[in-house]
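Enquirer: Take this structure, written in structure tokens, and hold onto it; I'll ask about it next.
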Amino acid sequence: MTTIAIVGAGPGLGAAVARRFGAEGFSIGLLSRSQERADGLAAQLVGEGLQAQGFAADVRDPAGLARTLERVTEALGPIEVLQYSPLPQKDFMRPVLETTPADLIGPVEFSIYGPVAAAHQVIPGMRALGDDRGSILFVNGGTALVPRAHLTGTSIAFAGETAYAQLLHEVLGEEGIHVAQLVIGGSIEAGHPEKDPAKLAEVLWDLHRARDRFRVEVATG
Ligand SMILES: NC(=O)c1ccc[n+]([C@@H]2O[C@H](COP(=O)([O-])OP(=O)(O)OC[C@H]3O[C@@H](n4cnc5c(N)ncnc54)[C@H](OP(=O)(O)O)[C@@H]3O)[C@@H](O)[C@H]2O)c1
């Protein structure tokens, strides 16, 4: 059995990715701030015949996030795939001229310290799994590539996350660990030909399986 940890797993993309990887035999660690919501999603997936467990973690607490990922490994086995996809808070998205240093603390904790803490925690286990097994998948909105003046916190912090992901891709690729990014323009929409959660989950599965690209952009043009 092999494990995916979904950091920021809710009823949209998180659930769809859990089902897609679950169909391939992965056990699934679902991380979100609310133990109750994570357990609720895990119970649904278990009801569908998948192996899933919920874990409470706030990505804005790097030490707590690392401890929780360690608990995922203890409960479900070595993490082969880490997906970093928590849904950013609305209050990160303020107009640029109204944004103060204090307003950037949350976005930077969320999109830079969180990814660094999560990657540091899982990389040793991925190395131990051996070549061409482990993947780290980052999911972002379109401001990861094109900053927008009314979405300042996420624009600035996603740019940092994007740079970190690209650096990891370069360095870990040499060790057979694949690092990739999915960038989604606009909103995730059920029933949309490209942005339905199940379609996006298929893209993430393919990034892990094919290991041939750093980035896929969906509806960013
Ligand atoms: N939704 C969109 O329209 C959209 C558009 C473009 C890109 N994206 C990207 O898609 C991913 C999210 O997909 P989704 O919107 O379908 O979400 P989802 O998988 O349905 O849920 C994401 C979960 O993230 C959790 N979360 C939020 N803040 C957190 C924190 N501080 N620590 C830990 N968990 C946290 C929330 O659960 P708790 O409240 O329990 O913490 C939420 O349920 C993100 O990477 C986002 O950048 C989304």
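FYI, it's all coordinate maths here, none of it is from the lab. Given the structure is predicted, the values throughout are model-derived calculations rather than measurements. Ideal geometry is used to build each Cβ from the backbone, glycine not excepted, and the neighbour counts take in all protein chains shown.
Enquirer: What is the angle, in °, between the Cα long axis of helix 13-23 and the longest principal axis of the Cα atoms in the chain? Nearest 10 is fine, range 0 to 90.
Expert: 20 degrees
Enquirer: Pairs of Cα atoms under 8 Å, at least six residues apart: use those to get the relative contact order of the stretch 125-221, whole percent.
Expert: Working: 139 pairs, mean separation 29.9, N = 97.
Relative contact order, the stretch 125-221: 31 percent.
Enquirer: A further question follows. Label the stretch 1-82 by shape, choosing from rounded, prolate and oblate, from the square roots a ≥ b ≥ c of the eigenvalues of the Cα gyration tensor; if a/c is under 1.5 it is rounded, and otherwise prolate applies when a/b is larger than b/c, oblate when it is not. List each step's numbers first, then the result.
Expert: Working: a/c = 1.80, a/b = 1.28, b/c = 1.40.
It comes out oblate by the Cα gyration axes.
Enquirer: How charged is the neighbourhood of LEU200? Take every other residue with its Cβ under 11 Å from the Cβ of LEU200, and add Lys/Arg as +1 and Asp/Glu as -1.
Expert: That works out to -2.
Enquirer: Under a Cβ-Cβ cut-off of 13 Å, what is the net charge of the residues other than VAL59 that fall near it, where Lys and Arg count +1 and Asp and Glu count -1? Mind dumping the intermediate values first?
Expert: On the way: positive: ARG33, ARG60, ARG67; negative: ASP58, ASP61, GLU109, GLU161.
Once all neighbours under 13 Å are counted, the net charge is -1.
Enquirer: Treating the beta-carbon of each Lys and Arg as +1 and of each Asp and Glu as -1, no other charges, what is the dipole magnitude of the stretch 98-177 about its Cα centre, to the nearest 20 debye?
Expert: Value, rounded to 20: 120 debye.
Enquirer: A follow-up question, please. Using alpha-carbon positions, what is the distance between the centroids of the stretch 158-220 and the stretch 60-109, in Å?
Expert: Answer, in whole Å: 17.
Enquirer: Also, quick follow-up: If we count other beta carbons within 10 Å of each Cβ, what is the order of MET1, MET93, MET126, fewest first?
Expert: MET1, MET93, MET126
Enquirer: Sticking with this structure for a sec: How far is helix 114-129 tilted off the main Cα axis of the chain, in degrees rounded to 10, range 0 to 90?
Expert: 30 degrees
Enquirer: Relative contact order of the chain: what whole-number percent is it, with Cα pairs under 8 angstrom and at least 6 residues apart?
Expert: 20 percent
Enquirer: May I pose another question? Compute the long axis of helix 35-47 from its Cα atoms, compare it with the longest principal axis of the Cα atoms of the chain, and write down the angle in degrees, 0 to 90, nearest 10.
Expert: 40 degrees
Enquirer: Sum up the charges of everything whose Cβ sits under 12 Å from the Cβ of LEU129, counting Lys and Arg as +1 and Asp and Glu as -1, but leave LEU129 out.
Expert: -2
Enquirer: Can you give the Rg to Rh ratio of the stretch 57-107, both from alpha-carbon atoms, with Rh computed by the Kirkwood formula?
Expert: On the Cα set of the stretch 57-107, Rg over Rh gives 1.14.
Enquirer: Report the rotationally averaged projected area of the stretch 78-221 based on its alpha-carbon convex hull, in square nanometres.
Expert: 8.6 nm²
Enquirer: Using Cα springs under 10 Å in a Gaussian network model of the chain, which residue among ALA201, ALA57, ALA23 shows the largest mean-square fluctuation?
Expert: ALA23
Enquirer: Within 10 Å, count the other beta carbons around each residue, average over each peptide in 153-159, 70-76, 10-16, and list them highest first.
Expert: Going by the mean number of other Cβ atoms within 10 Å, highest first, we get 153-159, 10-16, 70-76.
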